[in-house]
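Worksheet: one structure, shown below.
The values are calculated or read from the model by the stated rules, or taken from the named source; none is laboratory data. The structure presented is a predicted model; accordingly, all values stated were derived computationally and were not measured. Quick reminder, even Gly has a Cβ in these numbers, built from the backbone with ideal geometry, and neighbours come from all protein chains shown. Only protein heavy atoms, including side chains, enter the accessible area calculation; ligands, DNA and RNA are left aside. Shrake-Rupley method; radii C 1.70, N 1.55, O 1.52, S 1.80 Å.
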Amino acid sequence: MPPPRQTDDSDLSLIAQVIRRRIWVVIVCILAATLAAVALSLQAEKQYEATTALLLRSSTAFEPQRAVDTNLQLLGLPAIAERTAERVPGVSD
């Protein structure tokens, strides 16, 4: 006659007992995995990417292309680059 089937409660109880007996192994594995993840993160090359878009609205209804050209020239001025570098951390002009 086969042995009686264990219930789910006894299975969970067995698992809990094994974990309790091997708690140090569990702790060491968790610490090792955490340390490995931190080490890999610190050694990874940092990659940053940013994009931007500007919507230029023409204030001059008669010559819209001229207004756009003027705005583009203003964006290229060193003063604008300096102000941007001051306000955005890690950006240099």
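Which of the numbered conditions does Ala37 fail, given that it passes all the others? Conditions: (1) within 30 Å of Gly90 (Cα to Cα); (2) exposed (fewer than 10 other Cβ atoms within 10 Å of the Cβ). Just one mismatch for Ala37, condition (2). Listed by first and then second residue, the pairs with beta-carbon distance under 7 Å, at least 6 apart or on different chains, first residue in region 68-83 and without any contact (Cβ under 8 Å) to a residue 12 or more places away in the chain, second open to solvent by less than 80 Å² (accessible area, probe 1.4 Å) and part of a helix (DSSP H, G or I), are Leu74/Ile80.
Restricting to region 82-91, name every residue that is surrounded by 12 or more Cβ atoms within 10 Å (Cβ to Cβ) and more than 16 Å from Ala50 (Cα to Cα). Within region 82-91, Glu82, Arg83 qualify.
Checking each residue of region 19-39 against the condition of being among the basic types (Lys, Arg) and part of a helix (DSSP H, G or I) gives at least one match.
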